[in-house]
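Working notes, structure below.
The values are calculated or read from the model by the stated rules, or taken from the named source; none is laboratory data. Nothing here was measured: the structure is a model prediction, and the numbers come from that model. A quick note on method: Cβ atoms are made from the backbone with ideal geometry, for glycine too, and the neighbour counts reach across all protein chains shown.
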Amino acid sequence: MRPGRAPLGASPSAFDRARRTKGRIFAFTCAAAAFVGVASLGALLVDVIADGASRLDLAFLTGFASRFPERSGIRAALAGSVWLLVLTALISFPLSVAAAIHLEEYAPRNWVTRAIQTNIANLAGVPSIVYGILGLALFVRGLRLERSVLSGALTLSLLVMPVIIMSAQEAIRAVPSTIREAAYGLGATRWQVVRGQVLPMAMPGILTGTILALSRAVGETAPLIMVGAVGFLAFTPQSVMDPFTVLPLQIYSWISRPQEEFQPLAAAGIIVLLALLLTMNAFAIVLRNRARSGG
Amino acid sequence: MKRWTRMQAVFATALIAACGGQDSGGMTPAGAVRIDGSSTVFPIAEAVAEEFQLSNPNVRVTVGVSGTGGGFKRFCAGEIEIANASRPIKESEADACRSAGVAYTELAVAWDGLSIVVNPANSFATCLTVAELRRIWSPGTTVRTWRDVRPTWPAEEIRLYGPGTDSGTFDYFTEVINGESGVSRPDFQASEDDNILVQGVAGDTYALGYFGYAYYAENAGRLKVLAIDGGAGCVEPSDTTIEDGSYAPLARPLFVYVSHAALARPEVRAYVDYLLDSASLLVPSTGYHALSAEQYGQGRAAIARVVPGGS
């Protein structure tokens with residue numbers, strides 16, 4: 001019997017009560033910590049909706065930016081952000097998952113693998129503007145992709161890949177090795193094990209990591225200004241080689257205006273940005289649930 | 001297995017959509033007019049681009065905000081057709097253009113007045129001489145309190161607000177006041193967002209700040225603007241004193257630089273013509289001051305000398 005534990009049937013000792021109180025205090029502290037994030041999101045939401053809801057209508061979503069606040073809309077920025085997001089997902093997701101599979105399932109455990117692993121972890125911590133400078137030198141000027149949606153998406157892909165790779169590795173590592181061994185025991189090849197067992201089981205975790213990384217990408221401004229996101233355009237991208245602008249840049253452009261009437265537009269832009277993020281998250285949750293139920 | 005093929009199908013569809021075709025041309029000029037540079041000039045470029053785009057739907061106008069210096073870098077690298085600038089081109093930048101073989105014409109498009117502002121609760125300061133401004137803002141200054149500027153003013157610390165070192169406004173102010181572009185005392189609250197500076201001065205009794213006149217005009221109720229004595233008496237910035245040049249030396253022209261090679265293209269020529277024709281109408285709506293009709297006429301003449309023809 002551990003010291004201080006009350007014998008069965010007896011009334012709880014003073015030690016026992018103190019122990020339970022500590023437990024409750026701990027639980028309360030954790031709940032309060034969780035509430036901080038929700039509360040600040042709530043405050044932000046209330047503030048921007050109060051400022052921007054009146055400006056949020058169909059004309060705002062379908063109109064281009066204008067010097068007249070009442071005519072100004074967010075179409076070009078919204079289209080640019082969606083294009084960028086889709087392209088970035090298309091580029092970074094397959095590359096990152098393949099890299100994670102290689103590192104977890106195929107790569108030999110030697111110093112080369114360790115060096116790659118360390119570098120990926122370090123890259124995840126590099127400031128985003130550095131990726132912007134890299135993108136300008138490599139994609140815009142080196143590969144002559146100009147200041148296009150494609151340059152922007154490639155730059156953002158570099159930015160999010162380390163994060164996606166690491167979360168995919170975590171998810172793959174969490175697949176019990178007994179599953180792999182059972183599949184090998186039935187005569188499956190390594191490819192069959194990865195495709196049939198490991199990936200389906202790891203997919204929910206991979207998708208969660210991807211969506212977190214892409215959510216970060218959609219809020220980026222600094223690297224995109226470097227690779228050429230523009231302040232004004234009155235058309236939406238028709239191909240990957242077209243110029244573009246993005247939501248955070250448009251919002252900043254409105255906030256920095258001298259005229260007071262542009263401030264509600266910025267708030268409405270923030271609501272659109274949040275809605276885009278929530279839509280993305282909802283999409284990921286649907287995908288994840290599907291992967292789970294089928295896995 | 002099935003959900004994998006479904007996801008592949010989603011990606012494939014998106015990829016096809018991503019590689020879709022481009023618009024075909026029409027009757028009006030087609031092509032691209034790429035503009036970049038000063039964020040001070042941006043509202044003017046945006047207004048012109050917006051109107052031009054309405055009547056020329058096949059020309060794709062983009063306006064970037066890389067700053068005056070960043071815009072000239074791209075301009076001299078041949079990446080853009082037009083550079084917006086809140087100061088004239090520097091010798092080093094002109095050299096870069098020359099060695100890259102980029103010939104250009106400078107066009108003044110508007111006046112901007114830099115306003116020196118204090119808090120409305122500041123009752124003692126109404127006018128500053130340029131020499132006093134220089135003593136306040138020069139590097140290595142000994143001015144810490146208002147009394148250091150004039151002995152009759154209170155011994156309260158001056159808290160300074162100004163644009164960040166990347167802006168053309170900072171370059172212009174330091175050149176005119178301190179005699180050399182980019183040279184300033186370092187201990188002031190800097191922000192690239194002028195609205196932050198407005199808030200700073202509006203909330204700080206002993207503050208002093210400077211920024212574009214438009215930001216003062218929009219916030220006149222929260223700020224007090226100082227008259228400036230450039231040698232010919234105290235002059236307050238206003239529409240009149242900025243346009244007739246008497247608000248010296250803090251009224252400055254804003255420029256666009258047009259590449260001669262690009263001017264040969266009909267869409268660029270059409271855009272520049274539109275800019276000069278509509279500026280006197282559009283510039284006031286952006287918070288800046290239009291030049292006189294003669295000055296825009298001089299711009300048109302300069303363009304016609306480069307590439308005859310056009311409208």
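Quick notes
- Residues (polar (S, T, N, Q) and within 14 Å of chain A (Cβ to nearest Cβ)) located in the stretch B:201-235: B:N219
- So B:A47, is it facing chain A (nearest Cβ under 9 Å), in contact with a helix residue (DSSP H, G or I) (Cβ under 8 Å, 6 or more places away or on another chain) and assigned to a helix (DSSP H, G or I): yes
- Subset of the stretch A:47-91 (residues that are within 14 Å of chain B (Cβ to nearest Cβ) and in a loop (DSSP other than H, G, I, E, B)): A:G63, A:F64, A:A65, A:S66, A:R67, A:F68, A:P69, A:E70, A:R71, A:S72, A:G73
- Condition broken by B:E91, with the remaining ones in (1) under 23 Å from the mean Cα position of the chain (by Cα); (2) in contact (Cβ under 8 Å) with a residue 40 or more places away in the chain satisfied: (2)
- Under the condition of being within 11 Å of chain B (Cβ to nearest Cβ), over 17 Å from B:N195 (Cβ atoms) and assigned to a helix (DSSP H, G or I), the residues counted in the stretch A:225-277 number 2.
- Elements of the type helices (runs of 4 or more DSSP H) sitting completely within the stretch B:207-300 and holding at least 1 residues that are farther than 29 Å from B:Y104 by Cβ: these cover B:213-218, B:239-243.
- A:M203 vs. criteria surrounded by 17 or more Cβ atoms within 10 Å (Cβ to Cβ) and either assigned by TED's automatic domain parsing to the domain that holds A:S81 or farther than 20 Å from A:S81 by Cα (or both): yes
- Scanning the stretch B:173-200 for residues that are in a helix (DSSP H, G or I) and more than 14 Å from chain A (Cβ to nearest Cβ) yields B:F173, B:T174, B:E175, B:V176, B:I177, B:N178, B:G200.
- Conditions (1) in contact with a helix residue (DSSP H, G or I) (Cβ under 7 Å, 6 or more places away or on another chain); (2) over 28 Å from A:S256 (Cα atoms); (3) assigned by TED's automatic domain parsing to the domain that holds B:T126: number failed by B:H260: (3)
- Those strands (runs of 3 or more DSSP E) lying entirely in the stretch B:70-172 with at least 3 residues of a type in the set (G, A, S): B:104-118
- Being at pLDDT 90 or above, more than 30 Å from A:G231 (Cα to Cα) and surrounded by fewer than 17 Cβ atoms within 10 Å (Cβ to Cβ) is not true of A:A50.
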